[in-house]
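Presented below is the structure to which this report refers.
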Amino acid sequence: MRKIFHVLQVAIIFAVSGLAHAHEGHGHLPVTMKKAVEMALETAQSASEEAQPALGLQRLDNSWRALPVEAARIHENGRGYYVVSVTNAAQSKILYVRILLDGRITAANFSGKFDEETSAPATK
């Protein structure tokens with residue numbers, strides 16, 4: 001009887017952990033402003049290491065690698081998204097990064113203008 005009980009416990013643990021793993025990577029809470037700023041800085045850093053074609057970014061200069069947190073701020077708090085500006089004083093340039101509230105980064109550019117395709121959250 002005890003052996004059956006242990007087998008059932010193990011089966012339940014595997015079933016529950018499998019369900020939890022199936023939801024991995026899905027954000028259930030919206031991205032905060034602080035997290036959006038961190039993500040934008042990470043995007044600038046990544047783009048200084050290699051181009052980010054999915055975002056429309058060429059490889060950036062090494063000066064984008066170690067920008068302080070103060071270099072980034074919320075430029076626009078739209079419905080379902082943030083646009084974060086990342087200022088690189090050494091280059092006198094501002095990179096704009098568009099981040100949806102679910103954590104997806106949809107585009108980045110130096111104009112701060114995003115087309116309709118990247119302006120609204122995707123609908124299911």
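Every number in this text was worked out from the coordinates using simple rules, so none of it is lab data. Nothing here was measured: the structure is a model prediction, and the numbers come from that model.
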³J(HN,Hα) computed for each position of segment 39-45 - Karplus, 6.51 cos²θ - 1.76 cosθ + 1.60, integer Hz, glycine/proline x: 5, 5, 5, 5, 5, 4, 5
Karplus (6.51, -1.76, 1.60) ³J(HN,Hα), θ = phi - 60°, over segment 100-109, in Hz, Gly and Pro reported as x: 6, 5, 7, x, 7, 9, 9, 5, 8, 7
Under 5 Å, built H, 5+ apart or other chain: amide partners of G78: V83
Gained length - N62 relative to I94, 0.36 nm times residue gap less alpha-carbon distance: 10.1 nm
